[in-house]
Amino acid sequence: MSAEPRALARPEVASVEASVEAGAERPPRPAATVVVVRDGAEGLEVLLLKRAERGDHNSSAWVFPGGLTDPRDRDASPCVDGLDDAEASRRLGLPSGGLDYALAAWRECFEEAGLLLGADAPPPAAEGWREALQRGERTLAAFCAALGLRVALDRLVYLSHWVTPPNRAKRFDTRFFLARAPQGQAVRHDGAETIDHRWLRPADALRQGAAMKLLTPTLATLQLLARHSDVASLWAWATAPREIRAAMPAVGTGAQGPRPVTPDEPAYAELARLDPQRRGGGSYELLPGRAVRLSPRLLRVTANNGNLMTGPGTNTYLVGVPGRETDADGPGWAVIDPGPDDAAHVDAILAAAPGPIRWIFVTHTHTDHSPAAAALARRTGAPVHGRVADHPQWQDPGFRPDVPLAGGERFVLGHGDAGATTTLAVIHTPGHASNHLCYLVEEEKTLLTGDHVMQSSTVVINPPDGDMAAYLASLRALAQRELDWLAPGHGFLMDRPREAMQAIVAHRLAREAKVLAALQALAPATDEALLARVYADVPPKLHRVALRSLNAHLLKLAAEGRAVHDGVHWQPGAT
């Protein structure tokens with residue numbers, strides 16, 4: 001056995017989505033994969049094996065060692081070091097059977113790559129067992145007993161969980177494990193299931209693109225590995241407390257044609273919600289003017305104003321009551337954020353409305369959100385609801401609400417079929433703007449966030465109307481609400497609202513800590529000197545915008561007594 005210290009503390013898993021959508025015609029078969037890594041001359045390297053041609057979509061793909069679990073592996077439990085079924089199951093979020101996955105990962109690594117995890121060198125007799133194990137002629141327990149081997153499952157770290165979508169002929173429920181390459185052992189692909197192998201830096205494998213056939217879970221795992229420069233960095237991340245959720249690729253269409261969409265992509269949560277059976281009916285792109293039905297009560301139309309500040313464009317939402325949609329005397333629909341002054345977008349909103357528009361609501365009066373309210377009101381007769389900003393800079397100068405809002409109001413939009421109702425609650429969320437409002441669709445626990453929370457982008461806080469302290473307070477208050485979904489002003493539907501808002505607060509506080517550190521290091525310092533230090537991780541083309549948020553941080557610190565400004569320079573405060 002190796003003398004390597006056993007410091008593979010497994011991260012505590014907060015929760016695991018162990019189930020897949022009901023109604024799948026073919027239940028996935030349990031499988032395990034092991035991602036073997038080592039430090040190479042130029043950084044982290046990972047082992048990839050090339051699958052043999054078998055006439056399926058896995059043929060000729062470059063993969064990690066892995067395969068199906070085998071219930072007979074349990075007989076090798078007396079040979080296992082560092083793990084029992086109770087602990088293995090807890091880590092994987094299973095009631096029992098978790099050890100099967102870890103045993104399969106260890107066995108498959110030997111069968112396909114010739115590596116015995118935890119051993120200094122395989123006994124000479126081990127090679128003769130590989131083919132018999134692969135064919136199922138011999139068992140793992142017999143292998144270990146015959147060679148006196150210990151199964152070093154304490155060398156495995158649970159990495160991820162992937163489930164094949166229902167539309168595949170072969171489906172797998174696969175647990176991915178991470179392992180260090182054992183020293184003194186050479187990889188020997190088996191020549192049957194795997195016909196080639198390579199040690200590659202993850203970034204190099206990704207750069208090869210179509211030249212290396214990479215399946216979706218492999219591609220996503222390589223992208224994860226590419227964020228780490230060496231094994232130590234990867235190990236520190238993998239063994240830290242984190243939540244591991246089941247990842248089932250969604251299927252979307254767009255400019256690249258139909259393709260899998262992974263959980264780290266912006267469209268994933270929305271596609272998984274709208275297309276649980278992964279038939280590919282949704283889009284992984286936000287297309288201007290296209291109406292997307294998000295729920296029985298909610299539709300979205302995106303304006304054609306995408307740019308550096310607005311991302312893919314400003315989202316306009318229509319909220320209504322299920323049923324009686326086309327009835328002229330029915331409950332009617334509300335429009336949230338009519339968007340920029342764009343006649344084509346107003347036409348698209350009117351065309352998308354399933355029924356008469358009876359209300360217009362505005363989250364705030366920045367010029368990509370409110371200007372179309374006037375034109376939409378003229379064409380529908382609907383009153384405009386909103387709030388005027390405290391400061392006119394960067395605002396829509398023509399905004400005049402028919403119904404001023406303070407926050408706390410509730411609007412019952414009406415009653416539909418089978419007693420269905422839709423209630424819109426108004427929440428004042430100052431920070432990005434003094435007049436910012438969010439709207440909660442109470443029946444669906446969906447919050448329309450305007451610019452308070454945006455997807456894949458940091459909200460700019462621009463004083464004097466923007467206020468960093470107010471922004472953080474608003475986020476913390478919203479994070480206490482029971483919410484299921486966020487419908488942002490820019491981007492796709494977002495799940496896990498509380499985590500999203502907590503992450504924004506953590507990001508802002510981390511940036512604030514950098515501001516304080518820069519003050520200590522550079523004072524007396526100008527805005528420009530602090531900007532270069534605090535936002536060194538931001539491309540210079542964005543520094544003009546970042547300067548606004550820097551000022552918001554500094555003004556917050558000044559109000560707290562932690563920074564002082566003499567009109568030119570900033571100094572640390574006494575507090």
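The values are calculated or read from the model by the stated rules, or taken from the named source; none is laboratory data. Bear in mind the structure is a predicted one, so any value in this text is a computation, not a measurement. Please note: Cβ atoms are built from the backbone with ideal geometry, for glycine as well, and neighbour counts cover all protein chains shown. Accessible surface areas use protein heavy atoms only, side chains included; no ligands, DNA or RNA. Shrake-Rupley method; radii C 1.70, N 1.55, O 1.52, S 1.80 Å.
Yes or no, residue by residue, for (1) part of a helix (DSSP H, G or I); (2) open to solvent by less than 40 Å² (accessible area, probe 1.4 Å); (3) more than 26 Å from P266 (Cα to Cα); (4) in contact with a Lys or Arg (Cβ under 9 Å, 6 or more places away or on another chain):
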| residue | (1), (2), (3), (4) |
| --- | --- |
| P182 | no, yes, yes, yes |
| G191 | no, no, yes, no |
| H197 | no, no, yes, yes |
| A210 | yes, no, no, no |
| L222 | yes, yes, no, no |
| R227 | no, no, no, no |
| W237 | yes, no, no, yes |
Task: Given (1) in contact with a helix residue (DSSP H, G or I) (Cβ under 9 Å, 6 or more places away or on another chain); (2) over 29 Å from S549 (Cα atoms), number of the condition P331 does not satisfy - done: (1)
Open item on the list: Filter region 371-382 down to the residues that are part of a loop (DSSP other than H, G, I, E, B) and over 18 Å from L413 (Cα atoms) and list them by number.
Closed with: P371
Task: Residue list for region 356-370, restricted to those being part of a loop (DSSP other than H, G, I, E, B) and surrounded by fewer than 21 Cβ atoms within 10 Å (Cβ to Cβ) - done: P356, T367
Task: Test: residue in region 455-471 that is over 26 Å from the mean Cα position of the chain (by Cα), at positive phi and at pLDDT below 95 - done: no
Task: Condition broken by F172, with the remaining ones in (1) open to solvent by 40 Å² or more (accessible area, probe 1.4 Å); (2) among the aromatic types (F, W, Y); (3) farther than 18 Å from D70 by Cα satisfied - done: (3)
TODO: Could you check, for region 70-87, whether at least one of its residues is surrounded by fewer than 22 Cβ atoms within 10 Å (Cβ to Cβ) and closer than 29 Å to P260 by Cβ?
DONE: yes
Open item on the list: Return the residues of region 384-407 that are surrounded by 13 or more Cβ atoms within 10 Å (Cβ to Cβ) and within 13 Å of N462 (Cβ to Cβ); say none if nothing qualifies.
Closed with: A389, D390, H391, W394, Q395
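Which members of region 247-256 meet the condition of being surrounded by fewer than 18 Cβ atoms within 10 Å (Cβ to Cβ) and part of a strand (DSSP E or B)?
T253
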TODO: Mind counting the residues in region 73-120 that are within 24 Å of H189 (Cβ to Cβ) and charged (D, E, K, R)?
DONE: 6
TODO: Considering only region 26-64, state which residues are closer than 13 Å to E193 by Cα, assigned to a strand (DSSP E or B) and open to solvent by 30 Å² or more (accessible area, probe 1.4 Å).
DONE: K50, R51
